[in-house]
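To start, the structure under review is shown below, and the notes come after it.
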Amino acid sequence: MGQMTVIAIIILLVIIYSSAPLYIPFIENKINKINKKFDYRASKDARDFHSTLFIIDLHADSLFSCRSLLQSNSRCHVDIPRLIKGNVKLQVFATPTLIPFNPNIERNTKKFAISGFLAFMMHWPINTWYSKKNRALYQSNKLHEIQLKSKNTFEIIKTSNQLENYFKRCRAETNITAGLLALEGAYIIDNINDDIDELYNQGFRIIGIAHLTDCNLGGSVHGVEKGGLTESGRKAIKRIEELNMIIDLAHASSKLIEDVLRICSRPVIVSHTGVKGCLNNNRNLSDQQIKKIADKGGLIGIGFWETAVGINGVESIVNCIKYVSDLVGVEHVALGSDFDGAVTTPFDATGMVHITEELLEQGFSKKNIRMIMGENALNFLLNALPKEFN
Ligand SMILES: [Zn+2]
């Protein structure tokens with residue numbers, strides 16, 4: 001490469017970098033859209049009932065952005081004020097670290113990862129441009145900073161004792177919310193015990209083994225090989241369980257799901273998914289997989305976007321919830337929006353009431369609605385999380 005070409009590339013990168021704040025918010029908003037076609041208005045009855053629920057959402061990628069989550073934004077799906085407005089009491093914040101170029105649900109290679117470039121464009125610290133691990137830690141630090149600056153309106157849940165106290169606190173206070181840290185794709189786990197221990201110490205409590213590409217520990221359903229659990233994967237499962245962390249099988253290949261369910265001794269979650277019974281595609285769980293996960297006491301978070309559940313907005317979401325409830329019992333169903341996960345959803349975090357309303361409309365009992373909207377996830381987490389954390 002000639003000297004002039006190098007200089008030209010550097011100048012181009014400087015221009016891209018310095019002008020990024022002008023167009024990144026626009027792009028971010030474009031890939032995390034709300035489908036305006038669904039202009040829902042909730043009834044007073046639905047709103048009144050909704051305000052009594054303890055709502056948990058098992059998956060949002062909102063930390064992978066450059067906007068402040070402390071202020072209410074008009075773009076994308078989630079921030080602290082909007083979680084409070086939607087009565088979401090606990091949001092699982094996932095941290096993706098490896099994103100392939102032009103991701104799809106069928107087959108992604110690791111060759112052209114763009115996550116470092118995205119970190120560069122979002123003006124994240126330099127050490128996140130070249131390190132997957134630093135990208136995870138940066139997102140975790142971001143959530144801790146939100147906690148610090150939130151004036152007690154937001155806390156990160158790390159233990160079951162803390163969750164129990166927070167649940168009690170929610171009975172007296174309305175304008176609060178909480179978060180739980182999850183890793184989406186275990187691409188940063190090399191030295192099994194050391195790396196998992198570090199994630200635990202940083203506050204991570206859910207480990208998603210695969211994301212959009214195959215991982216050293218096991219295959220992704222969107223990967224090239226789509227393999228099962230590797231030797232390192234087996235060791236990782238053991239360590240994750242020893243620490244009372246939770247395994248997330250969202251994005252896992254069918255071999256990986258089978259292998260994990262064969263050896264795990266604790267229930268797992270699939271944090272954000274659809275089901276083949278409602279929408280048959282490579283992304284979604286089969287009836288047999290749902291049954292096996294439920295047999296182990298697992299929890300299935302139903303997604304809010306089209307590739308997961310279908311094109312009819314909240315009706316599609318609730319159809320999917322109903323399908324899983326009928327198949328394995330309502331106690332295995334939870335919410336897994338995938339807000340801010342490069343998806344279009346029928347509403348943002350303020351619109352959770354529309355699910356409550358549609359559940360009422362489709363004839364679910366109030367008791368079952370409470371379970372689906374959060375109690376199932378609450379009980380799951382109370383059992384699964386470590387009691388204390390020093
Ligand atoms: Zn995902």
(request) Select, from 341, 374, the only residue that is within 21 Å of residue 177 (Cα to Cα) and outside any helix (DSSP H, G or I). (result) 341
(request) Please go through region 200-214 and pick out each residue that is open to solvent by 10 Å² or more (accessible area, probe 1.4 Å), touching a residue at least 12 places away in the same chain (Cβ under 8 Å) and either in a strand (DSSP E or B) or more than 16 Å from the ligand (Cβ to nearest atom) (or both). (result) 200, 202
(request) Can you confirm whether region 349-366 contains a residue that is surrounded by 24 or more Cβ atoms within 10 Å (Cβ to Cβ) and within 16 Å of the ligand (Cβ to nearest atom)? (result) no
(message) Among (1) part of a loop (DSSP other than H, G, I, E, B); (2) more than 16 Å from the ligand (Cβ to nearest atom); (3) modelled with pLDDT of 95 or more, there is one condition residue 144 misses while meeting the rest; what is its number?
(response) (1)
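From 220, 232, 265, 253, which residue is under 18 Å from the mean Cα position of the chain (by Cα) and either open to solvent by 30 Å² or more (accessible area, probe 1.4 Å) or within 28 Å of residue 158 (Cβ to Cβ) (or both)?
220
Suppose we filter region 167-194 for residues that are outside any loop (DSSP other than H, G, I, E, B), in contact (Cβ under 8 Å) with a residue 60 or more places away in the chain and surrounded by fewer than 21 Cβ atoms within 10 Å (Cβ to Cβ); how many remain?
2
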(request) Taking only region 4-16 into account, find how many residues are open to solvent by 70 Å² or more (accessible area, probe 1.4 Å) and either under 15 Å from residue 122 (Cβ atoms) or of a type in the set (S, T, N, Q) (or both). (result) 1
(request) Name every residue in region 65-109 that is at pLDDT 95 or above and either in a strand (DSSP E or B) or within 13 Å of the ligand (Cβ to nearest atom) (or both), in order of residue number. (result) 88, 89, 90, 91, 92, 93, 94, 95
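So in region 311-338, with the set limited to residues that are part of a loop (DSSP other than H, G, I, E, B) and more than 26 Å from residue 99 (Cα to Cα), which one is farthest from the ligand (Cβ to nearest atom)?
329
The values are calculated or read from the model by the stated rules, or taken from the named source; none is laboratory data. Everything numeric in this text was worked out from a predicted model, so none of it was measured. Don't worry about glycine lacking a Cβ; one is built from the backbone with ideal geometry, like all the others, and counts go over all protein chains shown. The area values use the complete protein model at the heavy-atom level, side chains included, leaving out ligands, DNA and RNA. Shrake-Rupley method; radii C 1.70, N 1.55, O 1.52, S 1.80 Å.
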